[in-house]
Amino acid sequence: MNVTSISPGQAPPVERRGINNRLLLALPPATLDRILRVSEPVSLVRGQKIDRADQPIRHIHFINRGLVSIAKTLEDGRTVEIGAIGIEGVANLLPLVGIHKTILDVIVRIPGTALRMGCDALRGELENDDAFRQVMQSYVGFSLSELARHIACGRLHHIEQRCCRWLLIAHDHALSDKFPVTHESLAMMLGYQRAGVSIAMGSLVKAGLIEHKRGTVIIINRPGLEAAACSCYREMQNELDECLPPAEPALVLGFKRNKIAW
């Protein structure tokens, strides 16, 4: 597994007050405490593969900061993003439905941290804890809906709108106004030509919505970015809030999500 455990010098032990993950925050206190006891904090490094296609899944990762892509690699080597997961959920939902061999790559796009739980422990929780099982089932339903929305968005919406949507998602889950994104990687994730993505990103810079230089994006005008995005982003947020009612997230690197202008 290409995942690194966080050493004591890098981050404090995971406690309830350090949790940003929406799934974990939706659990009853007793369930959450038990999950924390059987899990470990890990760092997520940009570009690493948490899971590889056709390989066994040994752990489930609750994303606490950062963003991962579910990606399909074709025979010619090209890769396209099928979906993106951040602090709302888990990096690979297949173990939640009893599948323990992944069919797609799970790649870290925005670095951060996660809580890693073994699949054996996961099975025990799903079998013995009704509250845990219900929250996970709700998340699976949301994820399938979001997958359908992601496909429809790629077919029907303009590239500039799709760039805005992806940047908003990255902003939410990076828990920072600044995060790494290159034109090349964004083009791959959106399944679009690099030249078209560069033009779209340039228009967002000119409009004063973002800054983008040396492979790093800085969000300058969040409300403007939301206004320029397609309706898919707001629909996703509304559905997520219905599935997992928002709770106060932990303070991470001096950044609180509720400080973002919605």
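The values are calculated or read from the model by the stated rules, or taken from the named source; none is laboratory data. Every value quoted in this text rests on a predicted model; they were computed, and no experiment measured them. Don't worry about glycine lacking a Cβ; one is built from the backbone with ideal geometry, like all the others, and counts go over all protein chains shown. We work out accessible area using only protein heavy atoms, side chains counted, and drop any ligands, DNA or RNA first. Shrake-Rupley method; radii C 1.70, N 1.55, O 1.52, S 1.80 Å.
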| task | Within segment 156-166, identify whether any single residue is outside any helix (DSSP H, G or I) and within 17 Å of R234 (Cβ to Cβ), and answer yes or no. | result | yes
| message | part of a loop (DSSP other than H, G, I, E, B) and in contact (Cβ under 8 Å) with a residue 12 or more places away in the chain: is that true of N92 in this structure? | response | yes
| said: The conditions are (1) surrounded by fewer than 21 Cβ atoms within 10 Å (Cβ to Cβ); (2) at pLDDT 95 or above; (3) not hydrophobic (A, V, I, L, M, F, W, C), and D76 fails exactly one of them. Which is it? | reply: (2)
| message | Residues that are in contact (Cβ under 8 Å) with a residue 12 or more places away in the chain, open to solvent by 10 Å² or more (accessible area, probe 1.4 Å) and part of a strand (DSSP E or B): does segment 172-186 have at least one? | response | yes
| Matching residues, segment 154-171, being among the aliphatic types (A, V, I, L, M) and open to solvent by less than 30 Å² (accessible area, probe 1.4 Å) | I159, L167, L168, I169, A170
| task | Could you list, in sequence order, all residues of segment 43-65 that are surrounded by 13 or more Cβ atoms within 10 Å (Cβ to Cβ) and farther than 17 Å from T102 by Cβ? | result | S43, V45, R46, N64, R65
| remark: Of the residues in segment 18-37 that are touching a Pro at 6+ places or on another chain (Cβ under 8 Å) and open to solvent by 10 Å² or more (accessible area, probe 1.4 Å), the one that is farthest from D241 (Cα to Cα) is G18
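Test A121 against the stated conditions and say whether it is over 25 Å from D177 (Cβ atoms) and touching a residue at least 24 places away in the same chain (Cβ under 8 Å).
So A121 fits the description; yes.
Can you confirm whether segment 98-112 contains a residue that is assigned to a helix (DSSP H, G or I) and in contact (Cβ under 8 Å) with a residue 40 or more places away in the chain?
Scanning segment 98-112 turns up no residue that is assigned to a helix (DSSP H, G or I) and in contact (Cβ under 8 Å) with a residue 40 or more places away in the chain.
Among the residues of segment 200-219, how many are free of Cβ contacts under 8 Å to residues at least 40 places away in the same chain and aliphatic (A, V, I, L, M)?
Residues meeting the conditions: 3.
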| request: Answer yes or no as to whether V106 is on the phi < 0 side of the Ramachandran plot, of a type outside the set (D, E), surrounded by 20 or more Cβ atoms within 10 Å (Cβ to Cβ) and within 15 Å of the chain's Cα centre (by Cα). | output: yes
